[in-house]
Amino acid sequence: MRGSFLFLVLFISLQAALTAQTVVSPYAADILQFRQSDSLIPPPANPILFIGSSSFTMWKDVNDYFPDKPIINRAYGGSCLTDLIRDYPITVLPYKPKQIVIYCGENDFAREDTLLPEDILERFSRLFSILRINLPETKITFVSMKPSPSRWHLREKYLEGNRLIRKYIRKQDNADYIDVWSKMLNDKKEPKPEIFLEDQLHMNPQGYLIWKKAIYRHLIK
């Protein structure tokens, strides 16, 4: 009886995994572009992998900021934590990264009015657990949600979401939290307008320079 039960559990798990792999991602075009890039320029072995939403996607020259690091940027604009959870088998696992740097969560709050900071923590912890199971030796680093002027009305949710994720990461092995929020504020504790593009959501090179200084020391040598 016990053997039959275990077989059933394994069968259901396998079916779920196969089903998950056949789900078409709304970011399939982005992922296809990643594959095409990999075919033209083979990625380095065991890279530092950047994943997440548009603040990473628009960092087109990220390698120029970290010339001594084997960084691959595989973020796609508009993504939420749920997207990263769904797509990790094809956007993360093939690269076998030695470190994963995540920027995500902003869009979750912006898209779902009723979403709570506790929901963000649940999503992040689910992603973290999946990555840890599949890549047990990989360092996982989370970059805090940033203080975007156009989303300043969501600041309390962002701050609490950051706090909960930071608390969670502190309890994990081989994991890191990077605070960029405080570094992007002026003396009035408001977002520095000069580091953002006209959309007041994405950053210009001045903003990315702040991120470089915050991120660099957390990257694996």
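Listing for the model above:
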item	result
In region 118-153, residue nearest to residue 54 (Cα to Cα) [restricted to those that are aromatic (Phe, Trp, Tyr) and in contact with a Gly (Cβ under 9 Å, 6 or more places away or on another chain)]	142
Helices (runs of 4 or more DSSP H) enclosed by region 24-78 - at least 2 residues per element that are open to solvent by 30 Å² or more (accessible area, probe 1.4 Å)	28-40, 62-65
Selection within region 151-165 - hydrophobic (A, V, I, L, M, F, W, C) and over 14 Å from residue 119 (Cβ atoms)	152, 159
Filter result for residue 129 (hydroxyl-bearing (Ser, Thr, Tyr), surrounded by fewer than 13 Cβ atoms within 10 Å (Cβ to Cβ) and within 18 Å of the chain's Cα centre (by Cα))	yes
Every residue from region 95-119 that is more than 29 Å from residue 38 (Cβ to Cβ) and open to solvent by 20 Å² or more (accessible area, probe 1.4 Å)	110, 111, 112, 113, 114, 116, 118, 119
Filtered residues of region 84-114 (kept if under 13 Å from the mean Cα position of the chain (by Cα) and more than 16 Å from residue 142 (Cα to Cα))	86, 87, 91
Odd one out for residue 114, checked against (1) more than 22 Å from residue 30 (Cα to Cα); (2) among the β-branched types (Val, Ile, Thr); (3) touching a strand residue (DSSP E or B) at 6+ places or on another chain (Cβ under 8 Å)	(3)
Residue ID - least open to solvent (accessible area, probe 1.4 Å), chosen from residues in region 191-221 that are of a type in the set (Lys, Arg) and within 26 Å of residue 169 (Cα to Cα)	212
Qualifying positions in region 91-111 - part of a loop (DSSP other than H, G, I, E, B) and touching a helix residue (DSSP H, G or I) at 6+ places or on another chain (Cβ under 8 Å)	92, 104, 105
Extreme residue, nearest to the chain's Cα centre (by Cα), among residues of region 132-187 that are part of a loop (DSSP other than H, G, I, E, B) and among the hydroxyl-bearing types (Ser, Thr, Tyr)	144
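The values are calculated or read from the model by the stated rules, or taken from the named source; none is laboratory data. Remember, it's a predicted structure, so these values are computed and weren't measured experimentally. Note that each Cβ is placed from the backbone with ideal geometry, even for glycine, and that neighbours are counted across all protein chains shown. All accessible areas refer to the heavy atoms of the entire protein, side chains included, with ligands and DNA or RNA removed. Shrake-Rupley method; radii C 1.70, N 1.55, O 1.52, S 1.80 Å.
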